[in-house]
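Taking it in order: structure first as structure tokens, then the write-up.
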Amino acid sequence: MPVPSGVVKWFDPEQGVGAITQDGDSWEAVAHRSAVHGDADRVLVADHRVRFDVTQDTDGVRADNIHPPTRLDCSPTERP
């Protein structure tokens, strides 16, 4: 099964939460800083593409195991 991908709609670094819109769908998954892999600050940037797992719980849809783009995943104009 392929790993879902999508775009970070927004992310508040002070609160450590945001939303990701999955490719091909209109729903959003909640993104929390604790689910982000990568650098120590674990911050997502709006409009960046990410890969993630989807978890459904009583609070709704949540993005887990979030992999933000690396320098090698992006074209030169998209690099973080």
Practice task
Can you confirm whether the stretch 16-27 contains a residue that is open to solvent by 70 Å² or more (accessible area, probe 1.4 Å) and in a strand (DSSP E or B)?
Solution key: no
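Could you list, in sequence order, the residues of the stretch 43-57 that are open to solvent by 80 Å² or more (accessible area, probe 1.4 Å), out of contact with any His (no Cβ under 9 Å at 6 or more places or on another chain) and within 17 Å of PRO69 (Cβ to Cβ)?
Of the residues in the stretch 43-57, the ones open to solvent by 80 Å² or more (accessible area, probe 1.4 Å) are 47, 49, 51, 56.
Okay, now just the ones that are also out of contact with any His (no Cβ under 9 Å at 6 or more places or on another chain), so 47, 49, 56.
If the condition is that a residue be open to solvent by 80 Å² or more (accessible area, probe 1.4 Å), out of contact with any His (no Cβ under 9 Å at 6 or more places or on another chain) and within 17 Å of PRO69 (Cβ to Cβ), then ASP47, ARG49 are the ones that fit.
The values are calculated or read from the model by the stated rules, or taken from the named source; none is laboratory data. Everything numeric here is computed off the predicted structure, so don't read it as measured data. Don't worry about glycine lacking a Cβ; one is built from the backbone with ideal geometry, like all the others, and counts go over all protein chains shown. We work out accessible area using only protein heavy atoms, side chains counted, and drop any ligands, DNA or RNA first. Shrake-Rupley method; radii C 1.70, N 1.55, O 1.52, S 1.80 Å.
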